[in-house]
Structure formats: C-alpha cells, structure tokens
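S.K.: A single structure is presented below for examination.
The values are calculated or read from the model by the stated rules, or taken from the named source; none is laboratory data. Keep in mind the model is a prediction, meaning the values are calculated, not measured. So basically every Cβ, Gly included, is an ideal-geometry build from the backbone, and we count neighbours across all protein chains shown. The area values use the complete protein model at the heavy-atom level, side chains included, leaving out ligands, DNA and RNA. Shrake-Rupley method; radii C 1.70, N 1.55, O 1.52, S 1.80 Å.
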Amino acid sequence: MRNWSIPAGRIFGVELRVHLTFFFLLIFVWLTESASHGPLSAGRGLALVGIIFGCVVLHELGHALVGRHAGVPAKAIILLPIGGVTLLDETQHSLEPGILTWKRDIRIALAGPLVNLLVAFAAGGILLAVAPEVQLWATPYVHSSNLPRSLVWSNAWLALFNLLPAYPMDGGRVLRALFSRRMDPVRATRRAVTIGQAFATLFMLAGMISISYIWLTLIGFFLFIAAQLEERSVVFQSVLETVRLEDIMLTDFATLSPADTLEDALEKAVHSLQDDFPVIRGSDMVGVISRQKILQALRAEGNGYVQSVMNRIFEVAQKKESLASAFRKLTARNLSIIPVVEDERLVGIVTLQNLMHSMALLAESRKLRKAALNP
Ligand SMILES: [Zn+2]
C-alpha cells in the first residue's frame, strides 16, 4: 500500500501520503461533472471531494494522536479513494494479552469517529445559528451544490459508517477489543473478522439490488479483503509472539576463540553451515564474527587474530524470550546473530538465516497440524 502512494507533507509529526488511485477519483469527478454541468460545477465537485478528504484526514489524525499518546505511534496516514488508513508502528505494537490493552485499543478506535462527530456538531451548530439559509435538514444532504451542508453531513456519515461493528472498521475494532478481554488476541480477531465478513457480504448483496447502490458492493468487497488481510497479520504476529527462542535456537553450533588466527577460523567456517560465530573465551562470550568478515580481513590485511576483527557489540537474548523480541533486536541494530543465554551461560544461537528458516517451518507445521485437526 505504501509503494503506490506519494508523500503529501506532515501533520503533527505524522507522515501524510496520498495513494495514486486517489487521483483517479479526482479526474473521474472532474470529467463527469464538467461533462454534465460545466467547469464551474466541476470545481464545486472537486471542492466537495476536498472537504470529504479533509474530514477523513481529521478522522485518521484522531486515531494517530490518541495512538501516540497511548504508546503506539503512527508511521503514516495514507489517503485512499475509499477513505484513510493509519499505519501504526508495527515494531512497537506487539500483541500483548488483550487484558492489558483492550481499553487502549477502544480509545484509539473511537478517537476517529469522535473527531467527525465533534466537527459535525460544531459546524452544524454554527450554521444553524448564523446561516439558516443553508437549510441543514434539506436533502440531498451531501451534494456539491451546498458545500456547508455537505461538510456537516459527510462528517456525520463518516462517524456512523466507521462505527459499524464490521472489523476492520472502527466499530469492529471496539468489538475485537471487547472479545479480547476473555480470549487470546488471535481468537478475538477471528471472531471480529467473521462478524465483519458477514457485514461485508450483506453490503455486497444489498448493492446488487439496484445499479444505483452498486457502491455498496464495492464497499462490501473492500471490507471483505481488508478483514482477511488484518486476520493474517494478527496470526503471523501471534506465531512470533508465542514461539520461544529455546524452541528454535541452534544448540549444535561452532564457536571460535579470540586467540584463533583468521586462517584457523576460516578452516572451521568451511566445515560449518553457520554464517556467524560466537567468540568464546573460557565460558564468557566476548564477541561475534561472520564468515564474511573473516574473508574480508584475510583479503585486506592477511592473517591476524579473531580478537582484532570480531564485533564486540552484540545483543544477547534469554532462552524464554519470544521470536518477535529476537527479531526486533536483530533488525533494530542490524545484527545477524543473537547468542541465547541462560544464567549468563551460552546455550544456543539464533541467526537471521536460521530465524527465517524456522519461521517458514513453523508456519508449515501449523498448517499440517490444522489440516490433521480438520480433515
Ligand atoms: Zn477510523
């Protein structure tokens, strides 16, 4: 989704991006309006699109700012023709038990619709007081011929539509948070996704009644896909969170000594599948070195000692730590190996190579187990 969007500045420190398909919407509005009512009306049509997207940005900012306040910062807001999406920072957003986070999740979810309700009430109140000629209660509620009235009603509509209990709409997120009080996050998401997809199906069917409701089918289709994507990422995240390092770490691995010469080290590396080696003195770990680094040093400076080439900065992990936590440590500092310790004793290693490999294996073994359970 990020690849097809262009940066459009920052608001309150949150990156704002516009998806390329959004420009198709603008061109579509311009062409259809100017063909039927002339360029003046086309200008008003674009102004209406601008108003609606301004409201979507305010809605997403509501999520982003409350999220940041609650410790889940937003990376970017992306504007799509169907609305906005706030990308929360995945590295900080881990799947803690729902017991701890359900209140926070509800607050973040409700912040968006709340912003729209506030704008609708404020704008509606002001219009009723100072500009009664706008005729707030007349139809059509949202139309380019009456922009002030459209501002009020498009906000009201955005708030109500997003409050539908159809995951991943905000109302569905509230539902998921409520479920997660009593079950693990994956089951809570599954249940919310099922309800969301029931709504999506209803939308699609309702849209087929008449061609003028065809947009309902589109919304239903979008909801269906979005729910499925969200479910997948939650399941993947939960695999990362539930698997402990002791389940996947390499326990049979080669080590080097700081006093080894680089030629000895290369000799050992030849006989091992490992790309990265812990460097051990006695029972202490003093550094890490990669096969690549050994080769580079040999080429550049000839033979020397492991001690002078090894990397002294490294992270260690406990064997009870989760895969997700090891993954965060590896990527945050651009490392390729993490020694796993128990009571300060080296019991295994986890390398990026072995992490990728075991994630694929884990996914496969879960699939097999699931298939065995539901033949
Ligand atoms: Zn929202």
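S.K.: Tell me, which residue of the stretch 70-91 that is among the small types (G, A, S) and open to solvent by 30 Å² or more (accessible area, probe 1.4 Å) is nearest to the ligand (Cβ to nearest atom)?
M.R.: Among residues in the stretch 70-91 that are among the small types (G, A, S) and open to solvent by 30 Å² or more (accessible area, probe 1.4 Å), the one nearest to the ligand (Cβ to nearest atom) is A70.
Conditions (1) assigned to a helix (DSSP H, G or I); (2) among the hydrophobic types (A, V, I, L, M, F, W, C), marked per residue:
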{"site": "N334", "(1), (2)": "no, no"}
{"site": "I338", "(1), (2)": "no, yes"}
{"site": "L362", "(1), (2)": "yes, yes"}
{"site": "R369", "(1), (2)": "yes, no"}
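S.K.: A further question on this structure: From (1) part of a strand (DSSP E or B); (2) within 15 Å of the ligand (Cβ to nearest atom); (3) modelled with pLDDT of 75 or more, pick out the condition that doesn't hold for G67.
M.R.: Status for G67: all satisfied but (1).
S.K.: Go through (1) modelled with pLDDT under 85; (2) surrounded by fewer than 16 Cβ atoms within 10 Å (Cβ to Cβ); (3) within 26 Å of M359 (Cα to Cα) and name the single condition Q292 misses.
M.R.: All conditions are met except number (1).
S.K.: When the stretch 169-185 is examined, which residues are found to be open to solvent by 40 Å² or more (accessible area, probe 1.4 Å), more than 20 Å from the chain's Cα centre (by Cα) and farther than 22 Å from G112 by Cβ?
M.R.: Once the filter is applied, which keeps residues that are open to solvent by 40 Å² or more (accessible area, probe 1.4 Å), more than 20 Å from the chain's Cα centre (by Cα) and farther than 22 Å from G112 by Cβ, the stretch 169-185 yields only R182.
S.K.: List the pairs whose first member sits in the stretch 208-236 and is touching a residue at least 24 places away in the same chain (Cβ under 8 Å), whose second member is open to solvent by 60 Å² or more (accessible area, probe 1.4 Å) and of a type outside the set (D, E, K, R), and whose Cβ atoms are under 6 Å apart, counting only residues at least 6 apart or on separate chains?
M.R.: Qualifying pairs under 6 Å: F222/I82.
S.K.: Right, next: Kindly indicate the residue of the stretch 109-128 that is away from the ligand (no atom under 12 Å from the Cβ) and open to solvent by 80 Å² or more (accessible area, probe 1.4 Å) and also farthest from V85 (Cα to Cα) among those meeting that condition.
M.R.: Of everything passing the filter in the stretch 109-128, L128 is farthest from V85 (Cα to Cα).
S.K.: I'm trying to understand the selection: among the residues of the stretch 229-254, which are part of a loop (DSSP other than H, G, I, E, B) and crowded, with 17+ Cβ neighbours inside 10 Å?
M.R.: V243, M249, F253
S.K.: Can you confirm whether A188 is open to solvent by 70 Å² or more (accessible area, probe 1.4 Å), more than 25 Å from V49 (Cβ to Cβ), modelled with pLDDT of 85 or more and more than 16 Å from the ligand (Cβ to nearest atom)?
M.R.: Answer is no for this residue.
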